[in-house]
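Report on the structure given below.
Only the coordinates and a few stated rules stand behind these numbers; no lab work does. Note that this is a predicted model, so its numbers are computed, not measured. Using ideal geometry, Cβ is built from the backbone for each residue, glycine included, and neighbour counts are taken over all protein chains shown.
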Amino acid sequence: MLHYYIQRGHSIKELLQLDEYEKLFYIASMDKAISEEEGLIENIKRMISPS
């Protein structure tokens, strides 16, 4: 979570100041972003693989 948070331009200090609900929301948004990236990768694979 820390690496992902920093990649998005946030600081460790900001992360440490989040309350439990904000942390849960952030973790949920990480899952959504990962799912979207996986979907994008699958679409690209389909486009470049020979039929």
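Sorted from largest to smallest, which semi-axis lengths in Å does the alpha carbon gyration tensor of the chain give for its equivalent ellipsoid, taking the root of 5 times each eigenvalue?
32, 11, 5
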> In nanometres, what is the gap between the two model label sites at Lys45 and Arg8, each 7 Å from Cα along Cα-to-Cβ?
Replying inline: 2.6 nm
>> For the chain, take the longest principal axis of its alpha carbons; what is the angle in degrees between that and the long axis of helix 20-48, to the nearest 10 within 0 to 90?
In response: 10 degrees
